[in-house]
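As structure tokens, the structure follows; a few thoughts come after it.
The numbers here are math on the coordinates, done by the rules we state, and not lab data. Because the structure is predicted, anything quoted here is derived from the model rather than measured. Positions of Cβ are generated from backbone atoms using ideal geometry, with glycine treated the same way; all protein chains shown enter the neighbour counts.
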Amino acid sequence: MFFFNDTVGLVIMIISLIIATAASAGVKSAYAKYSKVRASSNLTGAEVARMMVENTDVKVVRQDGGKLSDHFDPRTKTIALSPEVFAGNDIAALGIAAHEAGHALQHNNGYAPIKLRNGILPVARFGSMMAMPFVLIGIFAELPFLIDLGIIFFMGALAFQLITLPVEFNASRRAMAVLGGGSYLTEQELKGARAVLRAAAMTYVAAVITALLQLLRLLLIAKRRR
């Protein structure tokens with residue numbers, strides 16, 4: 001099939017795979033390195049997160065979702081930390097916990113980009129779910145308007161990913177400001193935490209680049225099918 005076998009599509013798939021693999025390897029490498037370096041403050045990730053949100057109604061809990069599954073759930077106002085981060089007193093654990101607390105503070109302070117991201121979340125979910133089915137049906141049924149509709153849905157999902165970038169970078173900036181402004185990490189330790197958060201942020205950048213490449217692929221398909 002043209003959709004799967006043309007040269008441009010193959011090149012885009014290879015580039016996307018390389019980018020995604022490199023980003024994933026980068027965050028795993030940074031985490032592996034700095035999860036072995038204990039913070040001089042001897043604080044745990046849970047303690048740092050709780051200190052950051054102590055004036056809010058946000059809860060910090062331990063969850064067994066696996067490594068790097070840490071997240072903030074705005075629906076329950078809960079910072080869910082993996083066991084390694086929750087009880088860890090290493091540089092990586094403190095950086096990750098502070099980052100998730102940064103998201104909690106974004107919600108608490110009414111940070112505009114996160115409001116916008118939450119607002120388009122239902123549209124983005126629907127778009128990511130329906131984009132490729134519409135494109136494929138449009139190709140097989142030779143109905144270009146369905147391909148175009150699929151592309152529009154895909155662009156909605158891409159918009160969500162683009163808005164996610166400033167949200168993630170801002171959460172990391174909040175985390176670094178707190179970690180550096182108190183007695184959490186020394187100046188040297190901050191470099192390690194920054195490396196972990198930067199590597200994590202690159203996974204979101206990689207996702208956006210991959211999505212842009214996929215959009216280019218879909219636009220070429222739409223053009224050629226006409």
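Numbers below:
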item: For the chain, calculated [θ]222 nm from helices alone, where every DSSP H run of n ≥ 4 adds -39500 (n - 2.57); result: -26000 deg cm²/dmol
item: Given charges at Cβ of Lys, Arg, Asp, Glu: region 1-65 dipole, positive-most of T56, A20, V37; result: V37
item: In degrees, nearest ten, helix 112-140 long axis to first principal axis of the chain (Cα); result: 30 degrees
item: Amide H partners (placed H, <5 Å) of G88, local residues excluded; result: G45, A46
item: Kirkwood estimate for region 39-110, i.e. one over the average of 1/r between Cα atoms, Å; result: 11.6 Å
item: Largest-first ellipsoid semi-axes for region 39-177, taking √(5λ) over the Cα gyration tensor eigenvalues, angstrom; result: 37, 15, 12
item: Gained length - K77 relative to V123, 0.36 nm times residue gap less alpha-carbon distance; result: 14.3 nm
item: Lysine pair number, Cα distance threshold 28 Å (strictly under), the chain, separation 8 or more or different chains; result: 18
item: Peptide ranges 136-146, 44-54 listed from the most packed, as the mean C-beta count within 10 angstrom indicates; result: 44-54, 136-146
item: In sequence order, calculated HN-Hα J values of region 76-84 (Karplus, 6.51, -1.76, 1.60; Hz; x Gly/Pro); result: 9, 6, 10, 8, 9, 10, 5, x, 5
item: Length-normalised contact order for the chain - Cα pairs under 8 Å, 6+ apart - percent; result: 25 percent
item: Point-to-point label distance, R198-R173, nm (Cα→Cβ direction, 7 Å offset); result: 1.6 nm
item: At R0 = 25 Å, FRET efficiency that the Cβ-Cβ distance of F145 and L212 yields, to 0.05; result: 0.60
item: Label point at M51 placed 7 Å out along Cα→Cβ; residues across region 75-118 whose backbone nitrogen lies under 16 Å; result: 86-102
item: Electrostatic dipole magnitude of the chain [Cβ: Lys, Arg +1; Asp, Glu -1; Cα centre; debye, to 20]; result: 340 debye
item: Spin-label model distance (nm) - I137 vs K115, 7 Å beyond Cα toward Cβ; result: 3.6 nm
